[in-house]
Ligand code: MCN
């Protein structure tokens with residue numbers, strides 16, 4: 001591959017040959033001598049006191065090495081599982097240990113572990129454990145959970161309320177007074193199950209005499225896991241190594257330090273042999289955290305010309321049984337719910353509530369899909385109430401290019417963007433005016449076309465260290481090491497931990513551009529805490545804005561040193577050296593040159609470099625930008641609903657996204673494809689349903705409907721490019737953009753299709769049954 005201009009080139013992902021041929025090495029592919037297998041016995045009750053656990057028969061079973069209960073293990077935990085506070089300083093939460101001791105709080109909570117010579121033996125023995133529970137009334141509804149006489153999950157907290165925090169600015173009462181139009185609407189964010197293709201898995205290997213622990217885990221956050229293995233198990237951090245090998249997707253669901261990561265390590269420590277645990281799908285849907293599960297109530301003040309004066313959203317969050325590590329990150333939605341629009345008042349409130357269900361935590365977008373759904377539904381509700389076209393309502397309220405950098409009512413500053421340009425481009429691609437004419441025609445024929453917009457903005461690239469520390473307690477930055485070898489090949493170590501995003505390709509492109517080393521000669525390594533300094537891992541579409549830029553900066557530092565060495569070798573002044581395409585030469589005399597390979601050799605022959613200079617050609621960067629990055633775009637869904645069956649067909653899906661400069665446009669499009677599909681899944685298909693006893697009723701892939709390619713249209717993608725001013729590559733994130741944008745676009749389209757039936761809202765997922773009911777109520781008039 002030619003070297004020049006790798007950034008911006010749609011080269012194929014180097015990860016894919018191994019992934020599509022089944023050659024990737026996941027946790028379950030890693031074997032070790034004398035490995036024992038762990039099975040986790042999980043609570044079958046949603047809320048109960050543990051009266052007794054009899055492990056006698058399990059211990060006698062064939063192949064069993066050991067059986068442990070919560071009582072056995074509790075003394076070994078030096079600390080509970082970590083919780084970040086994230087935006088809600090008044091948050092109350094219980095201590096959460098990796099295994100239940102006296103009480104269980106959700107179906108799927110670990111109650112005992114069996115370690116045996118095989119996975120089958122461990123599972124069989126697990127069935128021989130006799131657990132007696134005293135059932136307690138379960139709480140499975142957000143609103144009921146905070147009623148006065150609701151059963152309290154965590155008695156020490158006094159109620160099921162974790163936090164009730166206000167996020168307000170401007171005078172909402174004045175906005176309501178000034179308004180011609182006041183609207184109240186409840187919007188539901190149903191509970192979702194992340195469903196990564198690879199379930200979780202852990203292999204822990206504790207070496208007694210060295211007091212060293214190695215953990216292979218299917219995680220997004222090996223660096224965080226390392227810290228918490230050390231803290232919880234009392235092993236020096238320097239003696240803990242965590243490796244995230246190939247990770248088959250996460251979508252936020254592998255962002256926690258999970259009970260099983262601690263339990264395998266502790267079992268290995270106690271037994272002196274490696275212990276492996278691989279989650280099956282049945283466990284995965286209960287034991288890996290869920291997403292969303294929120295109710296949003298909003299009050300809107302608007303003028304009759306479509307100007308939005310203010311909104312008053314209340315976000316009711318179902319935390320599930322515990323405060324999960326990054327669970328309250330979803331409150332970020334409240335901070336960005338102003339969207340791409342100007343308004344005078346914002347009066348928000350976030351209320352976190354415990355229920356007897358699987359804990360919720362970050363799921364692709366974490367807070368931002370909720371915020372975007374809210375504000376994009378608000379725009380359509382205002383359009384509907386005022387009769388102003390949804391496009392015009394958006395135009396009227398947009399933050400303008402000349403307002404950038406724009407500071408929101410709650411004090412966040414957007415970095416750049418012209419939202420009208422992306423909207424115009426999308427409208428042109430979809431032929432909006434033509435579609436509206438077609439819609440009117442079709443309605444006359446009893447056919448129901450709907451057009452839905454979503455002009456989203458997103459906060460990502462977490463983040464500036466100070467801002468993230470203030471908001472979440474965790475200081476976030478990007479990390480890279482660029483190391484040139486003796487032969488002129490390069491190793492790039494990154495602090496991010498990809499699990500499908502293609503960092504090995506895109507970061508090689510970044511380093512290649514700066515150093516002029518072919519991408520094939522650049523190895524990008526990640527996900528092993530033993531190979532480099534601490535990293536801040538992957539979530540919040542942060543990696544490119546942080547670690548990708550850190551790669552650029554490290555490569556620039558290496559280039560600077562290479563120029564110094566070249567000047568010495570060429571006996572020229574340093575200021576006269578030009579570095580291009582892997583060669584350093586004297587300005588105006590390109591023949592007087594040395595290649596990066598020659599410079600690398602000299603760098604390790606320290607007698608050949610300038611006096612006082614250290615050998616080697618390596619640089620490390622901890623990159624702390626001045627702001628987050630703010631991608632944006634306009635998505636338009638065109639749907640048709642079938643009056644016979646209620647089925648929604650997406651006829652077209654047009655998306656114009658602006659993610660700043662793109663390192664690899666094909667990778668960006670791939671991220672958008674996956675993201676849009678996931679958001680459509682929320683809009684039309686997916687919902688985790690619990691019954692009143694707290695049992696998950698959608699516990700298999702038969703009941704929990706994830707969209708397939710056959711359910712999706714061809715995505716028509718285009719881009720505008722507004723470089724971010726806060727990082728040298730000018731990049732913004734893209735990993736969640738599609739998911740954030742697509743659910744409201746599709747629901748706005750479905751509601752638009754159903755407008756002749758008087759429908760103003762439909763809850764997600766907009767299943768055929770719901771659509772049919774709305775069309776056929778009151779004898780088919782819908783009204
Ligand atoms: N990229 C680019 N140019 C840009 C922005 C990004 O070329 N301007 C490329 C990047 O270099 C990277 C990819 O696009 O290869 C995504 O980058 P980024 O937006 O920085 O997101 P992260 O790498 O931090 O990934 C996290 C993000 C999140 S939060 C979720 S959830 C998610 C996602 O990525 N989960 C995924 N994408 C996923 N993709 C897969 N296959 N599997 C998941 O679990």
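Read-outs throughout are calculated quantities, based only on the coordinates presented, and are distinct from any laboratory measurement. Treat the numbers as computed from the prediction; the structure is a model and nothing was measured. Methodologically, a virtual Cβ is constructed for each residue, glycine included, from the backbone with ideal geometry; neighbour enumeration extends over all protein chains shown.
Extension gain residue 117-residue 5, at 0.36 nm per residue separation less the Cα-Cα distance, in nm?
On the way: separation 112, 0.36 × 112 = 40.32 nm, distance 5.37 nm.
Gain on stretching residue 117 to residue 5: 35.0 nm.
Out of all DSSP beta bridges in the stretch 476-623, what portion is antiparallel? Express it as a percent rounded to 5.
On the way: 20 of 24 bridges.
Beta bridges within the stretch 476-623, antiparallel portion: roughly 85 percent.
Rank these for me by crowding, 346, 354, 398, going from fewest to most other beta carbons within 10 Å. Before the final figure, lay out each step's value.
Numbers: 346 22, 354 30, 398 19.
Ascending number of Cβ neighbours within 10 Å: 398, 346, 354.
Where does each of 479, 536 land when they are ranked from fewest to most other beta-carbon atoms within 10 angstrom? Show your work: numbers first, answer last.
Details: 479 24, 536 27.
Lowest to highest Cβ neighbour count: 479, 536.
Taking the highest mean first, how do the peptides 674-686, 101-113, 644-656 order by number of other beta carbon atoms within 10 angstrom per residue? Each step should come with its number before you reach the end.
Working: 674-686: 25.2, 101-113: 23.3, 644-656: 19.7.
So the order, starting with the most tightly packed, is 674-686, 101-113, 644-656.
Determine one quarter of the surface area of the Cα convex hull of the stretch 452-566, which equals its mean projected area, and express it in nm² to one decimal.
Working: hull surface 38.5 nm².
Spelled out: convex hull of the Cα atoms, projected over all directions, averaged, 9.6 nm².
In whole angstrom, and with the biggest value first, how far do the Cα coordinates of the stretch 258-371 range along each principal axis?
Principal extents (Cα only, largest first): 71, 25, 22 Å.
Antiparallel as a % of all DSSP beta bridges within the chain, to the nearest 5? Kindly include the intermediate steps, with their values, before the conclusion.
Details: 101 of 125 bridges.
Restricted to the chain, the bridges split so that about 80 percent are antiparallel.
Distance from the Cα centre of the stretch 757-778 to that of the stretch 184-228, in angstrom?
38 Å
Mind giving me the nanometre distance, one decimal, between the label points for residue 147 and residue 60, set 7 Å out from Cα along Cα→Cβ?
Those two pseudo-labels are separated by 4.7 nm.
Mind sorting 323, 86 by how few other Cβ atoms lie within 10 Å of their own Cβ, fewest first? It would help to have the intermediate numbers written out before the result.
Numbers: 323 28, 86 24.
Exposure proxy ranking, most exposed first: 86, 323.
If each of residue 530 and residue 778 carries a label point 7 Å out from its Cα toward its Cβ, how far apart are those two points in nm?
6.9 nm
According to the Cα gyration tensor, what semi-axes, each the square root of 5 times an eigenvalue, does the equivalent ellipsoid of the stretch 704-783 have, listed from largest to smallest in whole Å?
On the way: eigenvalues 261, 45, 22 Å².
Equivalent ellipsoid of the stretch 704-783: 36, 15, 11 Å, largest first.
If N is the number of residues in the stretch 637-704, what value comes out of its Cα radius of gyration divided by 2.2 N^0.38 Å?
Details: Rg = 16.9 Å, N = 68, 2.2 N^0.38 = 10.9 Å.
It is 1.55.
Please quote Rg/Rh for the chain to two decimal places, taking the Kirkwood radius as Rh and restricting both calculations to Cα atoms. Please list the in-between numbers first.
Working: Rg = 27.6 Å, Rh = 27.7 Å.
With Rh from the inverse mean 1/r over Cα pairs, Rg/Rh is 1.00.
Under 20 Å from the 7 Å Cα→Cβ point of residue 700, by amide nitrogen: which residues of the stretch 99-120?
107-108
Debye sum, Cα scatterers, the stretch 244-296, no solvent: what log₁₀ I/I(0) at q = 0.15, 0.20 1/Å?
The calculated log intensity ratios at q = 0.15, 0.20 Å⁻¹ are -0.55, -0.87.
Subtract the Cα-Cα distance of residue 52 and residue 403 from 0.36 nm times their separation in residues, and report this length gain in nm to one decimal.
Numbers: separation 351, 0.36 × 351 = 126.36 nm, distance 6.42 nm.
Separation in residues times 0.36 nm, less the Cα-Cα distance, equals 119.9 nm.
What order do you get for 247-254, 401-408, 68-75 when each peptide is scored by the mean count of other beta carbon atoms within 10 Å, highest first? Walk me through the numbers before you get to the answer.
On the way: 247-254: 23.9, 401-408: 14.8, 68-75: 17.1.
Sorting 247-254, 401-408, 68-75 by mean packing, highest first, produces 247-254, 68-75, 401-408.
Highest first, please rank the peptides 753-759, 503-509, 689-695, 593-599 by the mean number of other Cβ atoms sitting within 10 Å of their residues.
On the way: 753-759: 18.9, 503-509: 25.0, 689-695: 16.1, 593-599: 20.7.
Most protected by this proxy first, the peptides run 503-509, 593-599, 753-759, 689-695.
Run lengths n ≥ 4 of DSSP H only: what is the helix-derived mean residue ellipticity at 222 nm for the chain, with -39500 (n - 2.57) per run over all residues, to the nearest 500?
-8000 deg cm²/dmol
Note down, for the stretch 495-627, the three equivalent ellipsoid semi-axes (square root of 5 times each alpha carbon gyration tensor eigenvalue), biggest first, whole angstrom.
Values: eigenvalues 185, 46, 35 Å².
Listed largest to smallest, the semi-axes of the stretch 495-627 are 30, 15, 13 Å.
Cα centroid distance between the stretch 660-724 and the stretch 1-69, in Å?
24 Å
If you project the alpha carbons of the stretch 495-535 onto their three principal axes, what span does each projection cover, largest first, in Å?
Result, largest extent first: 28, 21, 13 Å.
How big is D, in µm² s⁻¹, for the stretch 72-212 by Stokes-Einstein at 20 °C and 1.002 mPa s if Rh is the Kirkwood radius over C-alpha pairs? If you can, show how the numbers build up before the last one.
On the way: Rh = 20.7 Å.
Value of D from the Cα-based Kirkwood radius: 103 µm²/s.
On average, how much area does the Cα convex hull of the stretch 1-160 cover when viewed from any direction, in nm²? Before the final figure, lay out the partial values.
Numbers: hull surface 67.1 nm².
Mean orientational projected area (the stretch 1-160, Cα hull): 16.8 nm².
Of all beta bridges DSSP finds with both residues in the stretch 233-329, what is the antiparallel percent, to the nearest 5?
Once the DSSP bridges in the stretch 233-329 are tallied, antiparallel ones form about 100 percent.
For residue 437 and residue 342 in one chain, what is 0.36 nm times their gap in residues minus the Cα-Cα distance, to one decimal in nm?
So the chain would gain 31.2 nm between residue 437 and residue 342.
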